[in-house]
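I have placed the structure first, in the form of structure tokens, so that the comments after it can refer back to it.
Read-outs throughout are calculated quantities, based only on the coordinates presented, and are distinct from any laboratory measurement. All figures in this text were calculated on a predicted structure; none of them were measured in a lab. Positions of Cβ are backbone-derived with ideal geometry, glycine not excepted, and every protein chain shown enters the neighbour counts.
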Amino acid sequence: MRVLITGIVRRSKCDEPSGYVYEVDLDAAEQVAMAPTPESEHLKQNRNPRGGLRGGRGMAIWRDCLCISNTDAIWVYDTEWRVQRIIHHSGCARVHDIAVYEDKLYVTSSANDQVFVFTFDGEVDSILTPRDNADLLKELEVKISRKHALSREDLRAGRIDFSDPTAFRLDDYDRMHLNSVCVSGTGVVTVSLGRMLPLHMNLLLDVKDFLNRVGLYEHLITASKTLRRVLGVKAKQNSDIGIVLQNAASALARRDAEGQWSLFNRFDKTAVPNHSLKCWNDATLLYCDTNHGDLLFIDTETGAICERMFVASEFLRGLCVIDRSTALVGSQNCLYQVDLTERRILRKIEVSTDKRLSIYDVIVIPDAFAPLPSHLPV
């Protein structure tokens, strides 16, 4: 069985790729090929050492093609790795996971809490947003100012180019960090709201923004890490704003067949975003609790956590259901093969010896596809 894996390279230098696509022979448990992912044209404008605009993102099989995304766009490849089309829209950016349902591509735009739905021709079919539901926002304790409200007309018209980090302030529009989407057989859409910051964090975000603009932020983070190392204080999780956000929250929200949004589940005290939501069967969703290293089994009717399975403590992200009993879960530079019925780890595969690798997405590639080339056509 052949598996493709996308990932980002934390703290990659300007003269090296910020991410890769890897092909892994699952039977042999080894990586057999790798290729740099297409880079964001704005990468140099945002050198976030942990994520930002780096590397490869979500993947999906669409008709007889394979979709591979970076933060700005989705490349659609045929079985010989020829580019069939590139899907890009200025309103859809900071792409995380993607999914296919009824011949349409669902793309998470974490820059502005949207799900863009594209046709195979690359046209915007619709835009799904939980930001429109006042009751949901109240339950989530998320506040969106009128100044930063977004209409579908504004998004379709591309009035803000969200792929350009200099065109807007991310913290003003990324209020829920919508980073994963899953569509049931009946068309019910469930999304991961990876991290929502408490309202009092706005002041700290303003300080972070100022330090970034004057070039002091990275120096401050480096000094903080040095001080922790000297004092022997170990951080439980890295935070992209330099402090542990114990009062932040993650959530799952659901959009029913009539288009109504509701809160499905909420996870408090999350320091980093949770990730990667997939359907296992009609009764159960799988979700990566990145903060605790657990794979969550979630009831599709109630949203309740049926069971937790610990996989790995290092940044759980990337999830692929192979069959009724087996899944693959990513954690930094390693891939874990999991028995879903017995709740046990079958094996651990080192995808790369580069410890800076952080896996993003995992997918089984059909046999019809040629081997992964050393360079992806762009």
- Message: Need the list of lysines near Lys355 for cross-linking: C-alpha distance under 19 angstrom, and skip anything on the same chain fewer than eight residues off.
- Response: Lys13, Lys225, Lys234, Lys236
- Task: Would you kindly work out the equivalent ellipsoid of the range 19-108 from its C-alpha gyration tensor and give its semi-axes, the square roots of five times the eigenvalues, largest first in whole Å?
- Result: 21, 19, 12
- Projected area, mean over directions - the range 1-153, Cα convex hull, nm²: 11.4 nm²
- Cα convex hull of the range 291-378: how many Å³ per residue? 153 Å³
- Starting at the first residue of the range 324-331, write each ³J(HN,Hα) from the Karplus equation 6.51 cos²θ - 1.76 cosθ + 1.60 with θ = phi - 60°, in whole Hz, x for Gly and Pro. 5, 10, 10, 9, 10, 10, x, 8
- the range 243-317: radius of gyration over Cα atoms, expressed as a fraction of 2.2 N^0.38 Å: 1.12
- Taking the chain and dividing mean pair separation by its residue count, relative contact order in percent (alpha carbons under 8 Å, at least six apart): 16 percent
- Item | Cα centroid separation, the range 30-82 to the range 287-365 (Å) | 21 Å
- Item | Isotropically averaged projected area of the chain, using the convex hull of Cα atoms (one quarter of hull area), nm² | 17.9 nm²
- Task: Please list the non-local residues whose amide H lies under 5 Å from the amide H of Thr270, H modeled 1.01 Å from N, same-chain partners needing a gap of 5 or more.
- Result: Ala248, Ala249, Ser250
- Note on the structure: Sorted on mean Cβ neighbours within 10 Å (highest first), peptides 278-286, 366-374 come out as 278-286, 366-374
- Note on the structure: Calculated from DSSP helices alone, with each H run of at least 4 adding -39500 (n - 2.57) and the total divided by the residues of the chain, [θ]222 nm to the nearest 500 comes to -3500 deg cm²/dmol
